[in-house]
Amino acid sequence: MEGFGERAINFPFELDAKDKAMSNELPTSDHHIVISADSHCGADLRGYKPYLEKKYHDDFEEWADASEEAAKKQEALFAGRGRSTRNVGIDGDPILDANKNFSSERRLKDQQEDGVVGFVLFPNTQPPFAPQAATQFEAPPYSDNFEHRWAGLKAHNRWLKDFVDEAPVQRAGIAQIFLGDVEGSVAEIEWAAENGLRGGILVPGAPPDSPFEPLYSASYEPIWAAAAANNMTLNHHAGGATPNFGNHFPSSLAVFMLEVSWWSQRALWHLIFSGVFERYPELRWINTETGTAWVPDTLEKLDSFYHRMKYSQYGSESIFGGMAVEHLSLKPSEYWLRQCHVGASFLRPTEAPLCAEIGIDNILWGSDYPHIEGSHPHTKEHLRLTFSDMRLGHVTKLLTTNTARVYDFDLEALLPLAEKYCPTKKEVSSPISYSNIPEAAKGCPGMNPLNQVQEVI
């Protein structure tokens, strides 16, 4: 496996049997088999009702009415500006294009025409009984009605199962769990594994203002054990770990955007230093849509802290951290290379040279469909812009085999679709001038002019 250039020393691991099989079984084709490790879906607001127990139906109607009123307030706040925070979840009109979340037919058409044939599915719409999002776009307040919240999340999972079943070869669904009910989450992990949600589970964040224990708490040990026992990948997505930024419009929106990735990144060191990866070496961990540039420097810093905690006889690091790391057999960077990944949504061209440092085997490309900042419908241009100078073998790992290995996609089954819809390897390797990138695409970070390696005129 690739290491961190000069930063990595004597990385001790070999590809496991599944990794080796994947490298040997990649179908021969002139086309890439493009799989997005980051896309989003969810039922229409009232489409969740059939998936709830009847005892919740009256309460659901009350909640749904309140959600619709909250949406109207959001629109009023951004009146006259053309777009509002309601556009973030979808690229397009919040009403006319809302079905991008739940129309199987439309999604398949959109994504395939965009050159993508496999999709990892994160949630996108509000599950039943989720607290109303604040109009200032900070995280909503936490609800103390854990029973209803958990019922709503399970309703989403059951809707998701039906949605995945409409295109099971192409879709890997990620089930939601609830930190407020560890025992129930274990049962839900087992249910998800039995019902084909091979995307694994979405691990929520626990920011300081949440009512839940932090992710490094021992109380979550049954969740990690269940995920490992059921071969369920742990996923952590940007936006799911942010605290409430307060009622300080509009500055709170800007601060949210500046800090949203960091709040999700921190889960990595929470799990490393609480020993989760030591106890469960078979677990896979994915940080999605948190960028990639942070990884090398962060791992270097974590390795430095680890060394001082474990081996120094002096200093505060050994005093405060020594007991936590004495049972860790690997450096943080070694845990990363062995079992952690970054979901590199719309990878920026300026980040592409860092891929070897991060670990080519540890990066999964994603389009972020149907989000407004995603690469759709200009993914083919984005791929040329980002990967034309990269070695073919590395491009194949980022677009195909890494994600197929982690989420168990059948590449032979995807091949006919790839040869119909995906760009050829020659096409992706052909450079494209930035002047040929459509103006409407430049809101995507991967196609923003400030993130290019070529001169932008």
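The values are calculated or read from the model by the stated rules, or taken from the named source; none is laboratory data. Just so we're clear, the structure is a prediction, and the values are computed from it rather than from any experiment. No Cβ is skipped: glycine too gets one built from the backbone with ideal geometry, and neighbour counts run over all protein chains shown.
The residue list S104, S84 contains one member that is of a type in the set (G, A, S) and modelled with pLDDT of 95 or more, which is S104.
Reported count of residues in the range 417-457, each being farther than 20 Å from N87 by Cα, of a type in the set (D, E) and part of a helix (DSSP H, G or I), is 2.
Residues being closer than 20 Å to C340 by Cβ, among the aliphatic types (A, V, I, L, M), assigned to a helix (DSSP H, G or I) and touching a residue at least 40 places away in the same chain (Cβ under 8 Å) are represented in the range 214-224 by at least one member.
Residues in the range 229-244 that are surrounded by 18 or more Cβ atoms within 10 Å (Cβ to Cβ) and of a type in the set (A, V, I, L, M): M232, L234, A238, A241. Checking V88, V116 one by one, the residue that is farther than 26 Å from T233 by Cα and within 18 Å of the chain's Cα centre (by Cα) is V88 and no other. The residues of the range 169-183 that are in contact (Cβ under 8 Å) with a residue 60 or more places away in the chain and surrounded by fewer than 18 Cβ atoms within 10 Å (Cβ to Cβ) amount to a single one, V169. Got at least one residue in the range 151-162 being surrounded by 17 or more Cβ atoms within 10 Å (Cβ to Cβ), at pLDDT 95 or above and in contact with a Cys (Cβ under 8 Å, 6 or more places away or on another chain)? Yes, the conditions are met somewhere in the range 151-162.
Of all residue pairs spaced 6 or more apart or on separate chains, those with beta-carbon atoms under 6 Å, a first member in the range 29-55 that is under 13 Å from S367 (Cβ atoms) and a second member that is crowded, with 17+ Cβ neighbours inside 10 Å and among the acidic types (D, E) are D38/E289; D38/D368. Note on the range 101-127: among residues that are within 25 Å of S84 (Cα to Cα) and touching a Gly at 6+ places or on another chain (Cβ under 7 Å), the one that is surrounded by the fewest Cβ atoms within 10 Å (Cβ to Cβ) is F102.
Given the range 273-353, what helices (runs of 4 or more DSSP H) lie entirely inside it while holding 1 or more residues that are in contact with an Asp or Glu (Cβ under 9 Å, 6 or more places away or on another chain), touching a residue at least 12 places away in the same chain (Cβ under 8 Å) and among the aliphatic types (A, V, I, L, M)? Talk me through it step by step, then tell me what you get.
Values: elements: 276-279, 294-311, 316-325, 332-339.
Here the list reads 276-279, 294-311, 332-339.
For the range 31-62, the tally of residues that are assigned to a loop (DSSP other than H, G, I, E, B), buried (at least 22 other Cβ atoms within 10 Å of the Cβ) and aliphatic (A, V, I, L, M) stands at 3. If I ask for residues that are polar (S, T, N, Q) and in contact with a helix residue (DSSP H, G or I) (Cβ under 6 Å, 6 or more places away or on another chain), which ones from the range 157-183 would you list? Matches in the range 157-183: Q176 only.
Pairing each residue of the range 432-446 that is under 18 Å from Y369 (Cα atoms) with any residue that is of a type in the set (G, A, S), provided the two are 6+ apart or on different chains, yields C-beta distances under 7 Å for C444/G374; C444/S375; G446/S375. Only residues that are closer than 19 Å to C444 by Cα and without any contact (Cβ under 8 Å) to a residue 60 or more places away in the chain were counted across the range 354-394, and they come to 3.
Selection over the range 417-457 of residues that are surrounded by fewer than 17 Cβ atoms within 10 Å (Cβ to Cβ) and of a type in the set (G, A, S) gives a count of 5. For residues that are buried (at least 24 other Cβ atoms within 10 Å of the Cβ), closer than 13 Å to S261 by Cα and of a type outside the set (S, T, N, Q), scanning just the range 284-298, find the one that is nearest to the chain's Cα centre (by Cα). So, considering only residues that are buried (at least 24 other Cβ atoms within 10 Å of the Cβ), closer than 13 Å to S261 by Cα and of a type outside the set (S, T, N, Q), the one nearest to the chain's Cα centre (by Cα) is E289.
Just one residue in the set E68, E105 is within 30 Å of L414 (Cβ to Cβ), part of a helix (DSSP H, G or I) and among the acidic types (D, E); that residue is E105. For the range 184-211, filtered to residues that are over 21 Å from T288 (Cα atoms), touching a helix residue (DSSP H, G or I) at 6+ places or on another chain (Cβ under 7 Å) and among the charged types (D, E, K, R), the residue that is surrounded by the fewest Cβ atoms within 10 Å (Cβ to Cβ) is E190. For the residues G321, G366, G343, G393, the requirement of being farther than 25 Å from L283 by Cβ and either among the small types (G, A, S) or touching a helix residue (DSSP H, G or I) at 6+ places or on another chain (Cβ under 9 Å) (or both) singles out G393.
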